[in-house]
1. Going by what's in this entry, would A113 be described as closer than 19 Å to Q241 by Cα and among the small types (G, A, S)?
2. In segment 180-194, which residue that is charged (D, E, K, R) and touching a Lys or Arg at 6+ places or on another chain (Cβ under 8 Å) is nearest to the ligand (Cβ to nearest atom)?
3. Suppose we filter segment 313-336 for residues that are among the hydrophobic types (A, V, I, L, M, F, W, C) and open to solvent by 50 Å² or more (accessible area, probe 1.4 Å); how many remain?
4. For segment 70-108, enumerate the residues that are open to solvent by 10 Å² or more (accessible area, probe 1.4 Å), of a type in the set (A, V, I, L, M) and under 16 Å from the mean Cα position of the chain (by Cα).
5. Among what's in segment 195-222 and is among the basic types (K, R) and within 9 Å of the ligand (Cβ to nearest atom), pick the residue that is farthest from S145 (Cα to Cα).
6. Does segment 207-228 hold any residues that are over 20 Å from A163 (Cα atoms) and out of contact with any Lys or Arg (no Cβ under 8 Å at 6 or more places or on another chain), and which are they?
7. Please determine, by comparing only the residues of segment 29-69 that are over 29 Å from S112 (Cβ atoms) and among the acidic types (D, E), which one is least open to solvent (accessible area, probe 1.4 Å).
8. Does segment 162-179 hold any residues that are more than 16 Å from the ligand (Cβ to nearest atom) and among the hydrophobic types (A, V, I, L, M, F, W, C), and which are they?
Amino acid sequence: MSVLSLVREDLRDFAGYRSARSEALRGDVWLNANESAWANPADADGACRRYPDPQPPRLQAALASLYGVGADSLLVGRGSDEAIDLLVRATCMPGRDAVLVTPPVFGMYAVSARLQGAPVVEVPLRDDARGLVPDVAAIVEAAASGPVRLVFLCSPSNPGGAAIAAADIVAIAEASQGRALVVVDEAYAEFSEAPSALALRERFEHLVVLRTLSKAHALAAARIGVAIAAPELVAVLRRCQAPYPVPTPCAGLAVAGLSEAAQQKTRERVAVVVQERARMQQALAGLPGVRRVYPSQANFLLVRFDDAEAAFQALLATGVVVRDQRAAPGLGDALRITIGTPAQNDRVLSALRAVGRAGEPVAAASRGAAA
Ligand SMILES: Cc1ncc(COP(=O)(O)O)c(C=O)c1O
């Protein structure tokens, strides 16, 4: 069965907008897109005068080489956020086809579903010794029956930090065959030892992998992310995408940011993050007031506290802003702390040590009173 059977019936042969750049015409005087004939004074080399190619070829080639896939398997967009949105729009008929998510997890899957009017099926992560991990049996059951069209898996997961075992992705992909697309969001893959789900694409044409330049590659503001999928599906997503999604300055920066020298720097920095993550994991776990530090394959740690409010405020008082997770299901006592530079991480530890010290007399006093 073709992967196109998982695309909305009404969009399978949808042509989308034909931009001025999609016409294969030749010429040296371009008067077909109502662009200015002159460059803006701030645009020294005139690079921004014309609309960009919808999928800038040099960037596409650099990303295809980075991820080891063919250019026709790659949709380049404005961060993986755009790919998430396009996948929901292209597969889910409002009010009918559902999106499966595994809370607590990155919020944009459910936000895009809500905007599309697609029902959200929640299969909560299980909290066990390995961390926050998917309930594979429950996902398989939900994906093998009912209205689920799109399964979002996050590996390594945000905010839990655990990577999903390849065998679990295989089990979910097998159960979803012919019924739902399985999307593995690998925004943090560079920090993980787990093998990428890209290796499973040969086996499952309904598997989509999301990658981004926003995290390890340090280009969050350039907004470059990709969906890697079967070429027929990529073609549909391109037709659903805005006409010129990748701004020329962003494409140029991303190409430069993927040079061999830049990639070498990125690898060195990822190694520092992995080392610091281990140090922080151990140091945080030893602090008074810390209930649990989840094992992480990403560039952050999820930490449960006796008093998360006190920890959050103490960090803030020293100028350190972390992500408050207390509104997320099952995380009423948790903060997510991104791994920073070694000096920044030391600041986190010293602020949290101070909370522990400040808490001691109170805790001792209340213990004394209770005794
Ligand atoms: C799991 C996950 N996926 C996707 C994104 C969005 O990334 P991008 O900047 O590529 O849109 C994030 C951002 O935090 C994330 O945590």
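The values are calculated or read from the model by the stated rules, or taken from the named source; none is laboratory data. All figures in this text were calculated on a predicted structure; none of them were measured in a lab. Here the Cβ positions follow ideal geometry from the backbone for every residue, glycine too, while neighbour counts run over all protein chains shown. Side chains are part of the model used for accessible areas, which takes the heavy atoms of the whole protein and leaves out ligands, DNA and RNA. Shrake-Rupley method; radii C 1.70, N 1.55, O 1.52, S 1.80 Å.
1. Values: closer than 19 Å to Q241 by Cα: yes; among the small types (G, A, S): yes.
So A113 fits the description; yes.
2. Keep residues of segment 180-194 that are charged (D, E, K, R), which gives 185-186, 190, 193.
Now drop any that are not touching a Lys or Arg at 6+ places or on another chain (Cβ under 8 Å), which leaves 186, 190.
Details: E186: 8, E190: 13 Å.
Here the answer is E186.
3. To start, the set of residues in segment 313-336 that are among the hydrophobic types (A, V, I, L, M, F, W, C) comprises 314-317, 320-322, 327-328, 331, 334-335.
Retained after the next criterion (residues that are open to solvent by 50 Å² or more (accessible area, probe 1.4 Å)): 316-317, 321, 327.
Looking only at that region, the number is 4.
4. Hits for segment 70-108 are V105, M108.
5. Restricting to residues being among the basic types (K, R) and within 9 Å of the ligand (Cβ to nearest atom), the top hit is K215.
6. Pass one, segment 207-228, residues over 20 Å from A163 (Cα atoms): 218-224.
L219, A220, A221, A222, listed by residue number.
7. The extreme case among them is D43.
8. Just the residues of segment 162-179 that are more than 16 Å from the ligand (Cβ to nearest atom), to begin with: 165-168, 170-179.
A165, A166, A167, V170, A171, I172, A173, A175, listed by residue number.
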